[in-house]
Amino acid sequence: MSGRQAYAGAVDMLRAAAHRAAGRDDRVTTERRLAEAERQLAEQRRSLAAEHALAARLQQIILPIPDGPIDLPGLKVALRYLPAVQDTYVGGDWYHAAELRDGSVLLAVGDVAGHGTPAATAMAQLRHALRALAVTTTDPGVLLGLLNRLTCDLEQEKPELCGTAVIARYRPESRRLTWAQAGHPPPLLCRAGRTVPLDRPPGPMLGVTDDAAYGCATVDLAAGDLLLLYTDGLIEHRRRSLDDGLEAVITAVDHAVAVAPGQPLGSLLDRLRRANPDDDTCVLAARPICC
């Protein structure tokens, strides 16, 4: 073997050794990067879990949901709040259920567009405003008109603020429900095992026009009836139309009532606990009881 050949062989050996060393270094670097990525993912999961927990606590402070049913004059009421699966912020869904001074009952659910602090703040303002305004009037259409004016005023500070709501007044002595809506999905009434949406009276969304008018509709409830008020997260889903979503809820309610007609309201609502990945959901169920 000549000296030149020996030199060339030595160079090849050095190159091969360098490549092997580089390969080991690449593997070490890759392993380190993977370990760092796993650490960051674990930290992100902990952070998201903490944010979800904080959002749940804030939601409970702003909108406390009772653990069990509420007994009101002539009605038993149950509530559920389902936060959006993919959201770590408080939402704009709200409810109201309380006895009025004249012995009737005021029920409401509403939804302020958006998420986070602005939506939660507007939600709290509308909810507390309804409680205060109910001292001056119990007419659902008038109450929505006043909430609409408030929303229009708030919109000057929070551009593009808008919302929807349904408000109902129940008179236990006559079992008559008078209700109005502002761009909101209609209540569902289940009677004798068949669930139907109530025909909506006219009424635009809150915050669209300052002088909007809201009509009222009435329905007489009977023993065994079930009334559902809900926000659109219950029927909206990215993979189905609103009609399909409403039909799915109606089917679920009909099935639940058929299986156990007199089951507790809380058990019935548990059958509707299918959280929307994109939107919060608030559901209020009411059943007439003997006065």
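The values are calculated or read from the model by the stated rules, or taken from the named source; none is laboratory data. As the structure is a prediction and not an experimental result, all values here were calculated from the model. FYI the Cβ positions are ideal-geometry reconstructions off the backbone, even for glycines, and counts take in every protein chain you see. Areas reflect the complete protein model, heavy atoms only, side chains present, ligands, DNA and RNA absent. Shrake-Rupley method; radii C 1.70, N 1.55, O 1.52, S 1.80 Å.
What nm value, rounded to one decimal, do you get for the distance between Lys76 and Asp199 when each label is placed 7 Å out toward the C-beta?
3.2
Which whole-number percentage describes the relative contact order of region 190-250, with Cα contacts under 8 Å and a sequence gap of 6 or more?
The normalised contact order for region 190-250 reaches 30 percent.
Please list, ordered by chain and number, the residues whose modelled amide H lies under 5 Å from the amide H of Gly92; skip anything fewer than 5 residues away on the same chain.
Those qualifying (amide H under 5 Å, at least 5 residues apart or on another chain) are Val112.
Can you give the extra length, in nm with one decimal, that the chain gains between Asp211 and Gln125 once fully stretched, where that is 0.36 nm per residue apart less the Cα-Cα distance? Provide the component values of the computation, followed by the final result.
Working: separation 86, 0.36 × 86 = 30.96 nm, distance 1.98 nm.
Between Asp211 and Gln125, full extension yields an extra 29.0 nm.
How large a share of the accessible area of region 57-198, in percent, is made up of carbon and sulfur atoms when the probe is 1.4 Å and the other protein chains stay in place?
Numbers: 3190 of 6020 Å².
Accessible surface attributable to carbon and sulfur in region 57-198 totals 53 percent.
I need the fraction of alpha carbon pairs in region 128-216 separated by more than 18 Å, rounded to a whole percent. Walk me through the intermediate numbers first.
Working: 1867 of 3916 pairs.
The calculated P(r) of region 128-216 puts 48 percent of pairs beyond 18 Å.
Can you give the extra length, in nm with one decimal, that the chain gains between Ala132 and Glu173 once fully stretched, where that is 0.36 nm per residue apart less the Cα-Cα distance?
Values: separation 41, 0.36 × 41 = 14.76 nm, distance 2.43 nm.
Net length gain for the segment: 12.3 nm.
Over region 158-291, what number does the Rg to Rh ratio reach, with both radii from the alpha-carbon atoms and Rh per Kirkwood?
Values: Rg = 15.5 Å, Rh = 15.9 Å.
For region 158-291, the value is 0.98.
Just to verify a number: FRET efficiency for Ile62 and Ala113, C-beta to C-beta distance, R0 = 22 Å, to 0.05? Present the calculation step by step, with values, prior to reporting the outcome.
Numbers: r = 17 Å, r/R0 = 0.75.
About 0.85, to the nearest 0.05.
For region 141-291, with every protein chain kept in place, what is the accessible area per residue (1.4 Å probe, Å²)? Numbers along the way, then the final one.
Working: 6930 Å² over 151 residues.
Result: 46 Å² of accessible area for each residue.
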